[in-house]
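No lab work stands behind these numbers, since they all come straight from the coordinates. All figures in this text were calculated on a predicted structure; none of them were measured in a lab. For neighbour counting, all protein chains shown are included, and Cβ atoms are generated from backbone atoms with ideal geometry for every residue, glycine included.
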Amino acid sequence: MKTDLTLTNTVIKLKVKANDGPDLVYRPQGERYMPQYTCKRTGRVSVHCWGWISHEGAGVLHHIGHLDTLHYQHTLQNVMVSSV
C-alpha cells in the first residue's frame with residue numbers, strides 16, 4: 001500500500017508493507033541449495049533514520065544506524081532537541 005501525504009508543497013511518499021513472518025518454502029529434503037529452490041536477493045537495504053516535521057516545515061533527518069541506549073540518549077539530546 002502506498003500513501004502520499006501532501007503538506008503545503010512538500011510530498012512525502014511512504015511505502016507500507018505488512019510482514020507476517022518469513023515466506024514458507026516447501027522443497028524436497030536434502031535439496032535446500034538447489035537453484036530451483038533458491039531466490040536471488042533484491043539488493044534493497046534498510047536505512048534507519050529519525051526526523052521530525054512541524055507546521056513550519058521539515059526538521060532534520062538523522063541517520064541512526066544501530067540504536068543502543070547511549071546512542072538513543074545522544075540522538076535525542078544533541079540532535080533532535082537541539083534542532084527544534
Pull up all non-local amide H partners of Gly59: gap of 5 or more, or a different chain, and H-to-H distance under 5 Å with H placed in the peptide plane. Trp52, Ile53, Ser54
Points 7 angstrom from Cα along the Cβ direction at Val60 and Tyr33: gap in nanometres? 4.6
Please work out how much length the chain gains when fully extended from Val81 to Val25, using 0.36 nm per residue of separation minus the C-alpha to C-alpha distance, in nm with one decimal. 15.5 nm
Expected unfolding gain across Tyr72-Arg41 under the 0.36 nm per residue rule, minus the alpha-carbon gap, is 8.1 nm
